[in-house]
Every structure is written in structure tokens, then in C-alpha cells.
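Since the structure comes first, as C-alpha cells, the remarks are kept for the end.
The values are calculated or read from the model by the stated rules, or taken from the named source; none is laboratory data. Here the structure is a predicted model, which means the values were calculated and not measured. Methodologically, a virtual Cβ is constructed for each residue, glycine included, from the backbone with ideal geometry; neighbour enumeration extends over all protein chains shown. Protein only, heavy atoms only, side chains kept; ligands, DNA and RNA dropped before computing areas. Shrake-Rupley method; radii C 1.70, N 1.55, O 1.52, S 1.80 Å.
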Amino acid sequence: MKKIILATTALTLSAGVVLADGHAKTIRMGTEGAYPPYNFLDDNGEVAGFERELGDRLCARAELTCEWVTNEWDSIIPNLVSGNYDTIIAGMSITDERDEVIDFTQPYTQPDPSAYLAMGDVDPASAVIAAQTGTIQASHVASIEGATLVEFATPEETVAAVKNGEADAVLADKAFLEPVAEAEADLSLVGEDVLLGGGIGMGLRESDGDLREKFNAAIQSMKDDGSLNALIEKHLPGSATF
């Protein structure tokens, strides 16, 4: 069952715009709300994290009125296409496969290293590897000859699969796995980093070219003045900047 939750507090700006294609003034920002430090729900049930702060700043620069919506990862692209929200800002890497279905802005992060988390040394070519459904990590594991992919709906479930013995390791964004490794004495990052995708960008419907260009301009302005790098360093320490 799809899950769509409208955030109780919208980011409201005095200078909303009507887009050339007739797009509504209020832009619904779709995220998962379950992938820290990129996005998660705080103690008040509000979207928080790197992409919440980034998204609010982008909306302000683009002079858009925005509100936040959470949706489960496995249906996040179909529900964008069907009109349940207007953007995806959810740690989504830009890939050719996804670009056939939706459009992307320019990236707001560099390609983020993926990493393996396990309870001991693991050879991916002969191991059972957990990954979140519909991610570039799942596609990568599926391409490894000899590896067995097991997919789960949430990132937390992939880690749990390693802890309970369903999987030998999990492959996910390193920024997500590092805090897990620090908090769990029995788990550690193993092997070399894996570089996948073309960086993380906002996803939009292919018909929303005007909205895409507004967010492109806002992202570029944050790159130009250094504020995007400052957000990356604040929320994703150690990640590559622009």
C-alpha cells in the first residue's frame, strides 16, 4: 500500500509564482523521510535533514511556495508521475534508467560513495547482499556474477538483515552506513568504496520543464556562492563538494 503523508507545516513565501505551464503555486516536495542524514522525520514528525534544509533554501531562492510530502521509496517515482507531488528530493542518484521515466535537475551532490557493511570480511562475488529495493545499489549487486541480491523496502531492514543473518552484507550509501557502523559494535564497513550514479538530483515530471529550470537556477546559485558546499559539510561531513 502506498503511503503519502503531507507535512503539517508548509514553507510559505510571500512571492509565489504561477509557472508557464500552469503549475500550481504550491510545490509539493516529495521525500522518503527514512534515510538519514539526507532525510528523516524528527521527534515532531516533521521532515528534517540535509534535503529538508536544502529544499527550503531552493524554494526560497526560486520564489516558490513549497510543502513537504513523504512517500515510501518503492513507489516514489510512480507517485511523482501520477501527480501526488511535484518533485522528488530523496537522496535519488541520477541514472540513465530513471532518466527515461522522469527528468532531473543538475546534481546537488557529487556521486556519493557506496559501501558494504558486514559483521566480518565479505567477498561480494560469493555473498548474499542486502540492498533497498529500486536503488542503484540493488542494480549493482544484481550485476555482480556470483552474488545473491536480497531486497528490502527500507534501509533499516537491510541493516537488520545483516544483523539477523539473512544477508552477509548490505550495500548502501556510505553516508547512511557510517553512523550505523559507529553505533553497532558488531558491524563495520568492509572492502573498498563503490562509486555509482551521477550524483544526486531532484526528480521532476518530464512535462515540468519550467519548474526544473527554476530549481536548476537555484541549485547553481547555491553552488556559485558556496552555500551548497556549506550545507554538504554540515550534514554530510567528508563528502565531496563542488
- Query: Roughly how many nanometres apart are two label points built 7 Å out from the Cα toward the Cβ at T154 and S82?
  - Reply: 2.1
- Take the alpha carbon atoms of the stretch 64-124, find their center, do the same for the stretch 168-188, and report the distance between the two centers in whole angstrom. 20
- Query: Which Cα, out of G191, Q106, T133, lies furthest along the positive dipole direction of the stretch 101-217 (beta carbon charges, K/R +1, D/E -1)?
  - Reply: Q106
- Would you mind putting 217-228, 149-160 in packing order, based on average other-beta-carbon counts within 10 Å, highest first? 149-160, 217-228
- Is it possible to state the helix-based mean residue ellipticity at 222 nm for the chain, with each DSSP H run of 4+ residues giving -39500 (n - 2.57), the sum divided by total residues, to the nearest 500 deg cm²/dmol? What is it? -8500 deg cm²/dmol
- Message: Spelling out what I want: for every residue of the stretch 186-192, take phi, set θ = phi - 60°, compute 6.51 cos²θ - 1.76 cosθ + 1.60 (Karplus), and round to whole Hz; glycine and proline get x.
- Response: 8, 10, 8, 6, 10, x, 8
- Query: Counting only the backbone N, which residues of the stretch 62-103 are under 20 Å from the spot 7 Å out from the Cα of D56 toward its beta-carbon?
  - Reply: 62-71, 86-91
- In order over the stretch 29-43: 3J(HN,Hα) from phi, Karplus 6.51/-1.76/1.60, θ = phi - 60°, whole Hz, x for each Gly or Pro, gives 8, x, 9, 7, x, 8, 9, x, x, 5, 7, 6, 9, 7, 5
- Residues meeting the amide H criterion for V101 (H placed from the backbone, H to H distance under 5 Å, 5 or more places apart or on another chain) are none
- Once you charge only the Cβ atoms, +1 for Lys and Arg and -1 for Asp and Glu, what is the size of the charge dipole of the stretch 114-242 about its Cα centre, to the nearest 20 debye? 380
- Item | Order by protection proxy (mean Cβ within 10 Å, highest first), peptides 188-201, 77-90 | 77-90, 188-201
- Query: G91's amide H: which non-local residues (gap 5+, or another chain) put their own amide H closer than 5 Å, with H modeled 1.01 Å from N in plane and none for Pro or chain starts?
  - Reply: none
- Of the beta bridges DSSP finds with both residues in the chain, what % are antiparallel, to the nearest 5? 60
- Accessible surface, per residue, of the chain when the full set of protein chains is kept, probe 1.4 Å, Å²: 44
- Note on the structure: About its Cα centre, the chain carries a charge dipole, from +1 on Lys and Arg Cβ atoms and -1 on Asp and Glu Cβ atoms, whose size in debye to the nearest 20 is 780
- Query: In the chain, carbon and sulfur make up what percent of the accessible area (probe 1.4 Å)?
  - Reply: 49
- Message: Can you compute the equivalent ellipsoid semi-axes for the stretch 163-242, i.e. the square root of 5 times each eigenvalue of the Cα gyration tensor, sorted largest first and rounded to whole Å?
- Response: 33, 17, 10
- Query: Which is farthest toward the positive dipole end of the chain among G226, P237, A118, measuring Cα position about the Cα centre, with Cβ charges +1 (Lys, Arg) and -1 (Asp, Glu)?
  - Reply: G226
- Item | Potential lengthening between A183 and D99 on full extension [0.36 nm per residue; Cα-Cα distance subtracted] | 26.7 nm
- What residues qualify as long-range amide H neighbours of E184, i.e. H under 5 Å apart, gap of 5 or more or another chain, H built at 1.01 Å from N? none
